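Worksheet: the structure to be examined is printed underneath.
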Amino acid sequence: MWWNTVAGCFKENTKVLFDTNNEYHDYPGKFVADLNQAAINGIRAAGATTQYITVEGNAYTEAQYWTQRRGEDGLTNSQTLYNLTDPSDNLIYQVSRSLRTSLSKRYTEKRLTTG
């Protein structure tokens, strides 16, 4: 319902893209996929058929864990989001790369030693 209302307001605006949520975490993977699919369905049903829709996975959607981290149901992002459908074929899968201190330090050290 919420996506239907919001998308209806912007359905003619070609400069808008829709992001279904931001960094799901600690949920069953199928639940996350179902929420994403419901958002896609609501956006398209509202008549917003040309804009891109970005979807995100579970476990903060971190790229390095896309096939490894599992939701509460034991499923990974690659297993649950694979079957999302968009009648407009305008989905973008979002992943993130955390630059936490521990990760950015390793990156900096690697860059300094490998040039």
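The values are calculated or read from the model by the stated rules, or taken from the named source; none is laboratory data. Keep in mind that this is a model prediction, so the values were computed, not measured. With ideal geometry, Cβ positions are generated from the backbone for all residues, glycine too; neighbour counts draw on all protein chains shown.
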Exercise for review: Go through Y93, Y27 for me and flag whichever is touching a strand residue (DSSP E or B) at 6+ places or on another chain (Cβ under 8 Å), modelled with pLDDT of 80 or more and either in a loop (DSSP other than H, G, I, E, B) or within 25 Å of N4 (Cα to Cα) (or both).
Suggested key: Y93
Exercise for review: Give the residue, chosen from V55, V32, that is within 13 Å of the chain's Cα centre (by Cα), assigned to a helix (DSSP H, G or I) and either β-branched (V, I, T) or over 26 Å from R97 (Cβ atoms) (or both).
Suggested key: V32
Review point. Could you list, in sequence order, the residues of segment 37-55 that are polar (S, T, N, Q), touching a residue at least 40 places away in the same chain (Cβ under 8 Å) and surrounded by 14 or more Cβ atoms within 10 Å (Cβ to Cβ)?
Key: Q37, Q51, T54
